[in-house]
Amino acid sequence: MSRKRIVVLGGGTGGTMSANRLRRRFDADEAEIHVVDRDDRHVYQPGLLFVPFGLAQVEEIVRPRSRQLRTGVVFHENEVESVWVERDEVLLDDGTVLPYDVLIVATGVRLQPEETEGLTGPGWNERAFTFYSPEGAAQLRRALDGFEGGLLVVNLVDMPIKCPVAPLEFAFLADWYFRECGIRNKVELVYSTPLDGAFTTPIASEHLSGLLSERDIELETEFNAGEVDGVGGKLVAYDGHELDFDLLVTVPLHGGAPYVERSPGLGDALGFVPTDRRTLQTPAKPNVFALGDATDLPTSKAGSVTHFEAEVLTENIARYLAGDELDAGYDGHANCFIETGFHKALLIDFNYETEPLPGHFPTVFGLPLLRESRLNHLGKLLFQSVYWHALLPGRQIPGLGPAMPSRGKKQSPIHA
Ligand SMILES: Cc1cc2nc3c(=O)[nH]c(=O)nc-3n(C[C@H](O)[C@H](O)[C@H](O)COP(=O)(O)OP(=O)(O)OC[C@H]3O[C@@H](n4cnc5c(N)ncnc54)[C@H](O)[C@@H]3O)c2cc1C
């Protein structure tokens with residue numbers, strides 16, 4: 001095989017894992033690997049949840065991006081301007097043109113708080129916050145530190161979002177936090193969502209609604225937030241329904257990276273990249289693959305998903321370059337710890353066909369599913385170290401792979 005050039009757009013979870021896995025797989029004379037990202041700050045995003053409660057500092061969850069890449073991977077600290085799919089070229093913001101034999105799109109999502117009327121106007125980062133960015137999480141820490149009581153509304157503006165359980169985790173941790181501070185009796189907590197339940201799938205939704213009610217967190221469903229008055233403390237839905245707040249914690253609208261819209265044939269109307277749900281090849285062109293939050297796949301936008309996809313994607317790039325048939329091996333597998341406060345967490349595990357079910361993961365003797373446990377909480381805390389030292393470097397983790405294990409689950413799969 002002549003030396004090929006693989007260009008990876010995005011040096012976050014999916015881009016870093018893919019580049020490192022490919023670097024392990026191909027010798028330097030077989031492939032040169034380039035990663036492009038706009039900055040050199042790799043954020044361990046699950047850690048953002050803990051920052052507002054003083055359980056983590058932003059500096060503890062950020063590391064230099066370039067240092068997470070294996071020797072022999074070329075890092076470009078640049079903004080991607082556009083992709084010319086027809087010409088197999090990427091244009092960077094300094095005018096550099098990067099030709100490629102294979103392209104991997106891993107540029108994640110863009111937060112769009114400005115798309116909700118009034119949200120980023122007066123009151124933004126004073127009374128209305130998001131913990132979905134390091135800056136937002138740090139601002140919210142200061143606000144929670146000074147909060148003496150009142151109405152706290154957690155609002156999820158619309159799907160899809162990264163880590164759909166993160167706003168629920170925030171609500172559970174807020175309940176725990178205010179109890180620890182001794183002011184829970186002065187705080188009213190509301191969880192408002194455009195969904196018709198606490199979560200996207202029925203069995204998990206029922207479990208999580210029960211938990212919200214046990215914690216005295218009011219659940220406001222089918223609330224489609226359209227406007228925010230950050231000074232008056234009002235969240236207004238498109239149907240005119242209003243929610244008052246003293247403090248708003250929002251998960252803003254998500255869209256794809258803007259360059260995707262500027263790249264003919266690459267993305268859909270929301271800037272996400274249409275992607276084959278099993279092989280991760282895109283219909284844009286056979287040499288373009290995508291993974292992680294940037295895709296339009298009907299599974300969660302989560303780091304676990306990105307990790308499972310990276311295994312299939314790197315195998316398929318090797319097959320593509322060798323002229324072999326692609327592996328249709330990704331089944332939509334996702335799993336997430338859901339922190340519930342009081343040093344406990346739930347775990348959910350699912351794929352395209354099977355919703356989160358009770359039981360154990362990965363086998364009958366494993367971690368409890370859909371049940372609060374201390375073991376799951378320890379798993380969640382331990383995960384940061386696994387992320388930096390095993391997942392990002394592209395190491396295999398025994399028992400944690402792209403195919404969802406069904407042993408240990410309590411009911412037979414349902415079909416979506
Ligand atoms: C608060 C929070 C909690 C979470 N908790 C969990 C959890 O518990 N479990 C879990 O599995 N997942 C969790 N996630 C989700 C997880 O972090 C993401 O799904 C995962 O990081 C997606 O990886 P990615 O590579 O697709 O995107 P990212 O890791 O976001 O990387 C995308 C990269 O592309 C770069 N980029 C974008 N546009 C351009 C451009 N034009 N030019 C150059 N570079 C560009 C960005 O700078 C970024 O580095 C959480 C996320 C958040 C926000």
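Values in this text are rule-based calculations from the coordinates and carry no lab data. Note that this is a predicted model, so its numbers are computed, not measured. Ideal geometry is used to build each Cβ from the backbone, glycine not excepted, and the neighbour counts take in all protein chains shown.
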Q.
What is the sum of charges, Lys and Arg at +1 and Asp and Glu at -1, for the other residues whose Cβ falls under 14 Å from the Cβ of LEU253?
A. -3
Q: May I ask for the net charge around GLU169, where only other residues with Cβ less than 10 Å from the Cβ of GLU169 are counted and Lys, Arg are +1 while Asp, Glu are -1?
A: 0
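Using Stokes-Einstein with the Kirkwood hydrodynamic radius over Cα pairs, what translational diffusion coefficient do you get for the range 180-333 at 25 °C and a viscosity of 0.890 mPa s, in µm²/s rounded to a whole number? Spell out each step's value before the answer.
Details: Rh = 18.8 Å.
In µm²/s, the coefficient rounds to 131.
What's the exposure ranking of ASP27, ASP331, going from fewest to most Cβ atoms within 10 Å? Let's see the in-between values first.
On the way: ASP27 9, ASP331 18.
Fewest-to-most ranking of ASP27, ASP331: ASP27, ASP331.
From the square roots a ≥ b ≥ c of the eigenvalues of the alpha-carbon gyration tensor of the chain, which class results: rounded (a/c under 1.5), prolate (a/b over b/c), or oblate? Provide the component values of the computation, followed by the final result.
Values: a/c = 1.85, a/b = 1.46, b/c = 1.27.
Here the chain falls in the prolate category.
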Q) Farthest toward the dipole's positive end in the chain, which of ALA174, ILE104, PRO164, given Cβ charges of +1 (Lys, Arg) and -1 (Asp, Glu) about the Cα centre? A) ILE104
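If the only charges are +1 at each Lys and Arg Cβ and -1 at each Asp and Glu Cβ, what is the size of the charge dipole of the range 223-296 around the Cα centre, to the nearest 20 debye?
600
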Q | Of all DSSP beta bridges in the chain, antiparallel share, percent nearest 5 | A | 45
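Between rounded, prolate and oblate, where does the range 1-51 land on the alpha carbon gyration tensor, with a ≥ b ≥ c its root eigenvalues, rounded for a/c under 1.5, else prolate if a/b exceeds b/c? Display every interim value, and only then the final one.
On the way: a/c = 4.49, a/b = 2.56, b/c = 1.75.
In terms of gyration-tensor shape, prolate.
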Q | Options ILE61, ALA198, PRO405, ranked by Cα towards positive dipole end of the chain, top entry (Cβ charges) | A | PRO405
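I need the chymotrypsin sites (Phe, Trp or Tyr not before Pro) found in the range 159-217, filtered to DSSP loop residues with at most 12 other beta carbons within 10 Å of theirs. Before the final figure, lay out each step's value.
Details: sites: PHE170, PHE172, TRP176, TYR177, PHE178, TYR191, PHE199; in loops: PHE199.
Loop-located and lightly packed - none at all.
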Q.
Given the options VAL187, ALA257, SER209, identify the residue whose Cα lies farthest towards the positive end of the charge dipole of the range 176-269 (+1 on Cβ of Lys, Arg; -1 on Cβ of Asp, Glu).
A. ALA257
Q.
At R0 = 45 Å, how high is the FRET efficiency between LEU151 and VAL386 if r is their beta carbon distance? Nearest 0.05 is fine.
A. 0.75
(Q) What does the C-alpha gyration tensor say about the overall shape of the range 67-168? Classify as rounded when a/c is under 1.5, otherwise prolate if a/b is larger than b/c, or oblate. (A) prolate
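Relative contact order of the range 27-171, please, whole-number percent, based on alpha carbon pairs below 8 angstrom and at least 6 residues apart.
Numbers: 148 pairs, mean separation 33.4, N = 145.
For the range 27-171, the relative contact order is 23 percent.
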Q. In the range 323-416, if every C-alpha pair distance is counted and binned at 10 Å from zero, what percent goes to each bin?
A. 16, 42, 33, 8, 2, 0
**Q.** Contact order relative to length of the chain, as percent, for alpha carbon pairs under 8 angstrom and 6 or more apart
**A.** 17
Q | Ratio of Rg to Rh over the range 171-229 (Cα coordinates, Kirkwood Rh, two decimals) | A | 1.02
**Q.** Length gained when the stretch THR363-ARG395 is fully extended (0.36 nm per residue, less Cα-Cα span)
**A.** 9.4 nm
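Only Lys, Arg, Asp and Glu count, each charged at its Cβ (+1, +1, -1, -1), so figure out the dipole size of the range 8-110 about its Cα centre, rounded to 20 debye.
Values: 12 positive and 18 negative charges, 127 e Å.
Here the size comes out at about 600 debye.
Going by how many other Cβ atoms sit within 10 Å of their own, how do LYS409, LYS186, LYS344 line up, fewest first? Mind dumping the intermediate values first?
Values: LYS409 22, LYS186 12, LYS344 19.
Ascending number of Cβ neighbours within 10 Å: LYS186, LYS344, LYS409.
Would you order SER205, SER304, SER2 from fewest to most other beta-carbon atoms within 10 Å of each residue's own beta-carbon? Write out the running numbers ahead of the final one.
Values: SER205 18, SER304 21, SER2 6.
If I rank by nearby Cβ atoms, fewest first, I get SER2, SER205, SER304.
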Q. Based on DSSP, what percent of beta bridges with both residues in the range 143-285 are antiparallel, to the nearest 5?
A. 30
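I want to verify the translational diffusion coefficient of the range 13-122 in µm²/s; compute it with Stokes-Einstein, Rh as the Kirkwood radius over Cα pairs, at 37 °C and 0.692 mPa s. Mind dumping the intermediate values first?
Numbers: Rh = 16.3 Å.
Value of D from the Cα-based Kirkwood radius: 201 µm²/s.
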(Q) Rg and Dmax in Å for the range 108-186, alpha carbons only: what are they? (A) 13.3, 39
Q) Under unit Cβ charges (Lys, Arg +1; Asp, Glu -1), what dipole magnitude, rounded to 20 debye, does the range 149-297 have relative to its Cα centre? A) 700
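Please compute the Kirkwood hydrodynamic radius over the range 264-340, one decimal place, Å, based on all pairs of different Cα atoms. Let's see the in-between values first.
Details: mean 1/r = 0.0776 Å⁻¹.
12.9 Å is the Kirkwood radius here.
Under 11 Å from the Cβ of PRO274, count the other residues' Cβ atoms, weight Lys and Arg +1, Asp and Glu -1, and hand me the total. Intermediate results must be reported in sequence, preceding the final value.
Working: positive: ARG277; negative: ASP268, ASP276, ASP296.
Value of the local net charge: -2.
Rank by packing, highest mean first: peptides 116-124, 158-166, 292-300, with packing defined as the count of other Cβ atoms within 10 Å averaged across residues. Could the numbers behind the result be given before it?
On the way: 116-124: 17.4, 158-166: 19.9, 292-300: 23.7.
Descending mean neighbour count gives 292-300, 158-166, 116-124.
Per residue of the chain, what 222 nm ellipticity follows from adding -39500 (n - 2.57) for every DSSP H run with n ≥ 4, rounded to the nearest 500? Mind showing how you got there, number by number?
Values: 7 runs with 91 residues, N = 416.
That comes out to -7000 deg cm²/dmol.
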(Q) Per 0.36 nm of contour for each residue apart, how much would the distance between GLN112 and ARG87 grow if the chain were fully extended, relative to their Cα-Cα spacing? (A) 5.9 nm
